[in-house]
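I have placed the structure first, in the form of structure tokens, so that the comments after it can refer back to it.
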């Protein structure tokens, strides 16, 4: 493997930058009742201002257990202030992970150059109103010229942590404090790892061949990152052509994972909190392996948003139960216009859900939009045009107690790729 270049992102597309694909962030959604409120973000965090989150990213993103029962939003609007930069302009940055906690979100980023001016993975706390930022904390370091993953974050049930992988140091874990600062890293395995999730006993994650789900293991860790157990081959029938795409985390501890099975198809499967299969893998009708895909947990199931590559590039939404079975008709969120869709994300909100997507010429996505929907998968308002940047990369929605944060990476005129945060505002 060429140093610094991975076989394929865990998401359909990777952020722009000198170092091509990292494996890192696969879309994750979490139900609000799962979020830990144990430690409030730091009060000393001052206003300052990327993240490879999944797209390929891992997002611990709580949502309301019964969003449709909340007061509806009569009007959604975009924050009137410019997006806030979360990273340094010294190099190209990627958004690679996020974890919602209470009234804020921890954002995981990394530099995407080789050699790198900042060979680290960083974590930064952002308030839900995007008015306050914590310090940019170095969570892990890596050597120059190695293949590496993004950073996966989780905050839930009183546990908060992060994992990363590089080919020289293997998979490492660090517990995080309330301001995002790390404990000393703990080595877990030489295997590539991703999709960290906090549990009552500590954490779980997936470990496999680099950037694939081939022969994936399900590892359990204690709160400090010590390995408790490893369950082998938890996803049947995988090969090096199987790559994780997205995951919804449910309040009962189970998860619905979606992965790319070669170029031809996308599969889904539900696992228990202990990594036990709750159903057999099933093909998702209408989705090829290279579709842009995101999934979010709702109180009664999940919403899957996608755009099929090399098609009309419409953005569509499918309501599902927790096992991945459709529970209603597919809805078109944005009509196809023949212009490529770069990234898609969906997240539950206090009164329903929101879908966000980027568009433009392939590899040159310059337009960012978002549209409110219901948890039953129907349209709930007009699409919003979000001021953003050029050459958009990962796009992620973070539903905090203080509001809905929209994270994205991109280039402002005359700068390198940075990670930005803005707000989508609900008026009752």
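Read-outs: derived from the displayed coordinates by stated rules, not from any lab. Everything numeric here is computed off the predicted structure, so don't read it as measured data. Counting neighbours? That spans all protein chains shown, and the Cβs are built from the backbone with ideal geometry, glycine included.
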Subject >> C-alpha center-to-center spacing [the stretch 251-272, the stretch 83-119] in angstrom >> reply: 27
Original post:
Using mean Cβ contacts within 10 Å as the protection proxy, how do 298-304, 168-174 order, highest first?
Top reply: 298-304, 168-174
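With the Cα gyration tensor of the stretch 137-247 giving a ≥ b ≥ c as the square roots of its eigenvalues, does the rule (a/c under 1.5 for rounded; else a/b larger than b/c for prolate; else oblate) give rounded, prolate or oblate?
On the way: a/c = 1.90, a/b = 1.26, b/c = 1.51.
Because a/c hits 1.5 or more and a/b fails to exceed b/c, the stretch 137-247 counts as oblate.
Using a ≥ b ≥ c from the Cα gyration tensor of the stretch 273-332 (square roots of the eigenvalues), is it rounded, prolate or oblate, where a/c under 1.5 gives rounded and otherwise the larger of a/b and b/c decides, a/b for prolate?
On the way: a/c = 2.24, a/b = 1.56, b/c = 1.44.
Judged from the Cα gyration tensor, the stretch 273-332 comes out prolate (a/c at least 1.5, a/b above b/c).
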**OP:** Could you grab the relative contact order for the stretch 162-251? Cα pairs under 8 Å, six or more apart, rounded to a whole percent.
**Re:** 20
**OP:** Quickly rank 120-128, 334-342 as a protection proxy: mean count of other C-beta atoms within 10 Å, highest first.
**Re:** 120-128, 334-342
**OP:** Could you tell me what percent of the DSSP beta bridges with both partners in the stretch 27-427 are antiparallel, to the nearest 5?
**Re:** 95
Original post:
Modelled label-to-label distance, residue 283 and residue 231, 7 Å Cα→beta-carbon offset: nm?
Top reply: 2.7
**OP:** Quick one: plug the Kirkwood hydrodynamic radius of the stretch 27-427 (C-alpha pairs) into Stokes-Einstein at 25 °C, 0.890 mPa s, and report D in µm²/s.
**Re:** 121
Subject >> Relative packing of 79-86, 156-163, 213-220, which averages over residues the other C-beta atoms within 10 Å, highest first >> reply: 156-163, 213-220, 79-86
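Can you tell me the FRET efficiency between residue 201 and residue 425 if r is taken as the Cβ-Cβ distance and R0 is 35 Å, rounded to the nearest 0.05? Let's see the in-between values first.
On the way: r = 38 Å, r/R0 = 1.09.
The value I calculate is 0.40.
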Original post:
So how far, in whole Å, is the C-alpha centre of the stretch 142-186 from the one of the stretch 306-362?
Top reply: 30
Original post:
Once label points are set 7 Å from the Cα along Cα→Cβ at both residue 239 and residue 321, what is their separation, rounded to one decimal in nm?
Top reply: 3.2
Subject >> Fraction in percent of alpha-carbon pairs per bin - 10 Å, the stretch 280-428 >> reply: 12, 42, 35, 11, 1
